[in-house]
Amino acid sequence: MSDCPREPAIRVMMMPRETNHRGTIFGGVILSRIDQAGAVGAIAAGCDQVVTVAMDKVEFHQPVQVGDLVSFYAEAVRKGRTSITVRVEVEAQSRTRKSVAVTSADVTFVNVDDAGRPVPIPD
């Protein structure tokens with residue numbers, strides 16, 4: 001295990017326009033960012049361009065509030081010939097600097113060419 005802190009694939013401050021009727025961030029906003037972070041992770045793992053094929057069950061453990069700084073950590077966990085699965089872990093940091101685990105998901109992507117056809121992932 002490395003002594004270096006892990007770096008997020010993306011980090012975003014949540015804004016008021018992203019809230020639901022309860023005043024917390026829409027789950028769909030978080031899902032969209034999971035997809036983006038997963039793609040960043042897939043590209044970092046050697047893919048050229050990817051399309052999403054699947055996202056496993058996502059359970060929200062904590063609500064995300066306006067002003068929270070949300071970090072999306074991505075790590076490739078399985079690499080096939082043309083597909084890759086990336087685990088994305090989501091943490092929210094409130095203005096009090098306390099960080100909480102929000103959710104996680106394994107996202108499967110396929111590496112594609114410009115025509116959208118699956119192509120092997122380079123070694």
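The values are calculated or read from the model by the stated rules, or taken from the named source; none is laboratory data. Note that the structure is predicted; figures quoted are calculated from it, not measured. Using ideal geometry, Cβ is built from the backbone for each residue, glycine included, and neighbour counts are taken over all protein chains shown.
Restricting to region 14-42, what's the tally of residues that are of a type in the set (Gly, Ala, Ser) and over 10 Å from the mean Cα position of the chain (by Cα)?
Adding up the residues that qualify gives 4.
Under the condition of being of a type outside the set (S, T, N, Q) and crowded, with 16+ Cβ neighbours inside 10 Å, which residue from region 82-95 is farthest from Arg22 (Cα to Cα)?
Result: Ile84.
As an exercise: evaluate Lys98 against (1) modelled with pLDDT under 95; (2) within 12 Å of the chain's Cα centre (by Cα) and give the number of the one condition it does not meet.
(2)
Using the structure shown, decide if Val40 is surrounded by 13 or more Cβ atoms within 10 Å (Cβ to Cβ), in contact with a helix residue (DSSP H, G or I) (Cβ under 7 Å, 6 or more places away or on another chain) and either among the aromatic types (Phe, Trp, Tyr) or modelled with pLDDT of 95 or more (or both).
Against the criterion (surrounded by 13 or more Cβ atoms within 10 Å (Cβ to Cβ), in contact with a helix residue (DSSP H, G or I) (Cβ under 7 Å, 6 or more places away or on another chain) and either among the aromatic types (Phe, Trp, Tyr) or modelled with pLDDT of 95 or more (or both)), Val40 does not qualify.
Would you mind listing the strands (runs of 3 or more DSSP E) fully within region 54-123 where at least 2 residues are of a type in the set (S, T, N, Q) and within 17 Å of Val40 (Cβ to Cβ)?
So the answer is 83-93, 99-111.
Going through Lys79, Lys57 one at a time, which residue ends up being within 17 Å of Val110 (Cβ to Cβ), in contact with a strand residue (DSSP E or B) (Cβ under 9 Å, 6 or more places away or on another chain), of a type in the set (D, E, K, R) and surrounded by fewer than 20 Cβ atoms within 10 Å (Cβ to Cβ)?
Just one listed residue meets the conditions, Lys79.
With the requirement that a residue be more than 30 Å from Ile121 (Cα to Cα) and free of Cβ contacts under 8 Å to residues at least 24 places away in the same chain, what does region 23-57 give you?
Phe26
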